[in-house]
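All remarks here apply to the structure that follows.
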């Protein structure tokens with residue numbers, strides 16, 4: 001997956017190009033930032049995605065400017081990042097952060113085949129909250145028509161990871177300055193039921209499994 | 001702050017253009033995604049930022065491709081997003097997420113004046129972890145030379161916020177399907193001291209205040 005575009009230039013030892021590392025980061029998150037060129041200027045928009053093998057799917061209203069632009073097959077850059085902690089060094093210069101990120105270059109293709117479109121929507125749903133697709137009211141034709149599905153190959157992609165301790169200048173280790181890491185993670189809280197829900201409906205398996213999985217993940 | 005570029009097109013009621021709303025989102029986060037055009041294709045890179053009044057500062061190695069590109073005054077798009085929860089509806093179509101995001105268009109200007117550069121680095125540091133700047137070993141001339149500081153005006157910017165409950169099709173409210181919100185937030189954990197630290201150095205005020213502030217924030 002290395003090309004001149006994807007090659008990590010700054011601090012090359014943080015670069016990773018194997019699909020396993022890239023997929024692992026993509027699978028922990030579900031919000032990406034997509035950059036594209038519109039009328040000559042760059043635009044970056046956050047959106048949801050799902051991974052299905054070596055492709056990502058994104059969806060959005062057919063009225064969305066980004067979806068319309070991307071469906072034309074223009075160049076895009078898709079970035080996913082996960083922030084795992086602040087690294088506090090003895091000098092401001094060596095302050096850093098621990099993170100995992102993926103930067104992917106490519107072009108999207110619109111999926112118009114009905115069956116593949118339903119499959120793609122399910123993949124996005126499964127990626128975000130596995131099992132939810134089967135619990136909800138089935139998708140309808142008008143919804144399929146109102147929503148565009150785009151498929152993006154994971155071909156030109158790289159990962160960048162910093163997952164280490166404090167690195168200071170040799171002489172600074174003698175200073176009486178606290179140094180260390182403040183770890184962070186996304187914590188998912190108890191679900192809040194919709195007030196308009198009929199009585200006696202229990203929290204479904206998808207939600208229970210989601211909370212268990214997400215809150216058990218390591219940074 | 002409204003121009004044709006910044007006007008929220010999809011679901012306009014989620015759009016906000018007042019500085020207070022935009023600043024509030026920028027102040028809760030410190031990682032942005034910056035999009036720019038390099039050799040004709042879009043590139044999106046996550047990076048740290050700090051706000052100082054109506055400007056953002058970003059910094060990076062003078063060897064960074066992004067910093068070099070942006071210092072030439074090319075168009076950029078800077079996006080900050082904060083994810084506050086998943087919204088589970090009774091149909092896949094109405095699933096959504098609660099979030100706050102800012103999209104900013106503009107150009108960066110390199111800061112070369114020594115005093116302003118030190119001020120800018122301090123602003124980024126204060127933005128991320130207030131009070132840390134005063135605790136660490138002062139910045140040195142070689143570090144000032146090795147790091148580029150860019151200033152980005154907050155002029156063309158918009159915020160987009162979804163902070164509401166489940167919205168379903170009228171007839172779907174009769175279904176026996178669980179619906180609700182799974183809230184999430186970034187949780188900051190106990191600091192891990194650097195093993196190479198001299199004995200007897202207590203966790204400093206900046207870290208204690210940071211944890212209290214961040215973990216007390218509402219989504």
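Laboratory data are not the source of any read-out in this text; all were calculated from the coordinates shown. Being a predicted model, the structure only gives us computed values, none of them experimental. Counting neighbours? That spans all protein chains shown, and the Cβs are built from the backbone with ideal geometry, glycine included.
Modelled spin-label separation between residue A:162 and residue B:198, with each label point placed 7 Å from Cα along the Cα-to-Cβ direction: 2.6 nm. Measure out, as a whole number of angstrom, how far apart the alpha-carbon centroids of region B:1-65 and region A:39-67 sit. Answer, in whole Å: 18. The order of B:49, B:173, going from fewest to most other C-beta atoms within 10 Å of their C-beta, is B:173, B:49.
Between identical copies, the spacing of residue B:131 label points, each set 7 Å from Cα toward the C-beta atom, reads 4.4 nm from nearest to farthest. Can you give the angle from 0 to 90° between the axis of helix A:205-216 and the longest principal axis of chain A, with both taken from C-alpha atoms, to the nearest 10? On a 0 to 90 degree scale, this one is about 10. Take each residue in A:76-88, count the other chain C-beta atoms within 10 Å of its C-beta, and the mean is 5.
Each of A:58, A:118 was scored by other Cβ atoms within 10 Å of its Cβ. Arranged with the fewest first, they read A:118, A:58.
Here the protein assembly as shown is treated as a sphere whose radius is the Kirkwood value from Cα pairs; by Stokes-Einstein at 25 °C and 0.890 mPa s it diffuses with a coefficient of 107 µm²/s.
Shown for residue A:143: label points 7 Å from Cα along the beta-carbon vector, and their distances to the equivalent points in the other copies, 5.4 nm in ascending order.
Average the reciprocal distances over every distinct pair of alpha-carbons in region A:53-175, invert the result, and give the Kirkwood radius in Å. Don't skip to the end; give the middle numbers.
Working: mean 1/r = 0.0571 Å⁻¹.
One over the average 1/r among Cα pairs gives 17.5 Å for region A:53-175.
A simple spin-label model places pseudo-atoms 7 Å from Cα toward Cβ; at residue B:187 and residue A:3 they are separated by 4.2 nm. Remark: relative contact order (chain A) = 26 percent; criterion is Cα-Cα distance under 8 angstrom and separation of 6 or more residues. Label sites at residue B:213 and residue A:155, each approximated as a point 7 angstrom past Cα along Cα to Cβ, lie 4.6 nm apart.
How far is helix A:114-128 tilted, in degrees, relative to the longest principal axis of the Cα atoms in chain A, given as a value from 0 to 90 rounded to the nearest 10? The helix A:114-128 is inclined about 40 degrees to chain A. Shielding value for B:122-133 is 2, the average number of Cβ atoms from other chains within 10 Å of each residue's Cβ. With its label point put 7 Å out from Cα toward Cβ, residue A:167 sits 4.7 nm from the same residue's point in the other copies, in order from shortest.
Neighbouring Cβ atoms from other chains, within 10 Å of the Cβ of residues in A:44-51, number 5 on average.
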